[in-house]
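The values are calculated or read from the model by the stated rules, or taken from the named source; none is laboratory data. As the structure is a computational prediction, the values presented were derived from the model and not from experiment. Positions of Cβ are backbone-derived with ideal geometry, glycine not excepted, and every protein chain shown enters the neighbour counts.
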Amino acid sequence: GAVVSQHPSWVICKSGTSVKIECRSLDFQATTMFWYRQFPKQSLMLMATSNEGSKATYEQGVEKDKFLINHASLTLSTLTVTSAHPEDSSFYICSARASYRNEQFFGPGTRLTVL
Amino acid sequence: AQSVSQHNHHVILSEAASLELGCNYSYGGTVNLFWYVQYPGQHLQLLLKYFSGDPLVKGIKGFEAEFIKSKFSFNLRKPSVQWSDTAEYFCAVKGWNRDDKIIFGKGTRLHILP
């Protein structure tokens, strides 16, 4: 089946620093990738949708200058949390959709802790 | 507004008990429905999905779900649970268009006692 990986799986950083999270589709080309945020005991909330080679579309309330998304290739998307603060601590999950299938495949998630 | 409601936040069952997790949705138009499972420390996996046809959908690991259009429901069932079913279960809905977004419920944490 289609596999999506994320790196790192967990990261701890100091307040004010930037953190980059990578999302890769390992065995398929993903024309569209999605970034979600999951708070404890809550649902996955879509942050943004990115299509390869174009700017990401952010959901209402998500700061695009804080959460920078780059989808430079058909197998890689990155989420950079800029000037991270403790309230950005969360579980970030990416998802990828193949060009030939109307189905999303999810990565294992990245747990971000900002001190 | 588009939404998914999962009735139970936390369910505890003994092995061999029967399971039913409730899911109701609010969405205008034709829908695709999903149940995802997230085992401890692992990523979201698709358990089963309904696109069209037979409203009773069978998924992996003995799970099934029934789409009842009149009730806007898509409840997940398993006749006899196992300890390995301990996980978090998410119901989700999506429109028919490719670019429609998946909307997730808040999840139900299932704990199976050995």
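The rows are residues; the columns are (1) aliphatic (A, V, I, L, M); (2) in contact with a Gly (Cβ under 8 Å, 6 or more places away or on another chain); (3) assigned to a strand (DSSP E or B).
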{"residue": "B:Phe34", "(1), (2), (3)": "no, no, yes"}
{"residue": "B:Val37", "(1), (2), (3)": "yes, no, yes"}
{"residue": "B:Gly53", "(1), (2), (3)": "no, no, no"}
{"residue": "B:Phe67", "(1), (2), (3)": "no, no, yes"}
{"residue": "B:Ser70", "(1), (2), (3)": "no, no, no"}
{"residue": "B:Asn75", "(1), (2), (3)": "no, yes, yes"}
{"residue": "B:Asp100", "(1), (2), (3)": "no, no, no"}
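Show me the strands (runs of 3 or more DSSP E) found entirely inside the range A:13-56 where at least 2 residues are within 13 Å of chain B (Cβ to nearest Cβ), within 20 Å of B:His43 (Cβ to Cβ) and among the hydroxyl-bearing types (Ser, Thr, Tyr). Walk me through it before giving the result.
Values: elements: A:19-25, A:30-38, A:44-51.
Of the strands (runs of 3 or more DSSP E) lying wholly inside the range A:13-56, those with at least 2 residues that are within 13 Å of chain B (Cβ to nearest Cβ), within 20 Å of B:His43 (Cβ to Cβ) and among the hydroxyl-bearing types (Ser, Thr, Tyr) span A:30-38, A:44-51.
Could you list, in sequence order, all residues of the range B:42-77 that are hydroxyl-bearing (Ser, Thr, Tyr) and touching a residue at least 12 places away in the same chain (Cβ under 8 Å)?
Initial filter on the range B:42-77 (hydroxyl-bearing (Ser, Thr, Tyr)): B:50, B:52, B:70, B:73.
Matches in the range B:42-77: B:Tyr50, B:Ser73.
From the set of residues in the range B:1-13 that are more than 12 Å from the chain's Cα centre (by Cα) and part of a strand (DSSP E or B), which is modelled with the lowest pLDDT? So that I can check it myself, show each step before the final result.
The first filter runs over the range B:1-13 and keeps only residues more than 12 Å from the chain's Cα centre (by Cα), leaving B:1-3, B:9-13.
Okay, now just the ones that are also part of a strand (DSSP E or B), so B:3, B:10-13.
Details: B:Ser3: 91, B:His10: 94, B:Val11: 96, B:Ile12: 97, B:Leu13: 97.
This residue is B:Ser3.
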Next on the checklist: Among the residues of the range B:24-47, what is the count of those that are more than 12 Å from every other protein chain (Cβ to nearest Cβ) and either in contact with a Cys (Cβ under 8 Å, 6 or more places away or on another chain) or surrounded by 16 or more Cβ atoms within 10 Å (Cβ to Cβ) (or both)?
Outcome noted: 7
Checklist entry - Would you say B:Ala16 is at pLDDT 95 or above and in a loop (DSSP other than H, G, I, E, B)? => result yes
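So that you can scan it fast, the table gives a plain yes or no per residue for (1) closer than 12 Å to A:Trp35 by Cβ; (2) hydroxyl-bearing (Ser, Thr, Tyr); (3) facing chain B (nearest Cβ under 10 Å):
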position: A:Lys64; (1), (2), (3): yes, no, no
position: A:Leu68; (1), (2), (3): yes, no, no
position: A:Thr78; (1), (2), (3): yes, yes, no
position: A:Phe91; (1), (2), (3): yes, no, no
position: A:Phe105; (1), (2), (3): no, no, yes
Checklist outcome for this item: Across (1) crowded, with 17+ Cβ neighbours inside 10 Å; (2) out of contact with any Phe, Trp or Tyr (no Cβ under 7 Å at 6 or more places or on another chain); (3) farther than 21 Å from B:Phe104 by Cα, A:Lys14 clears everything bar (1)
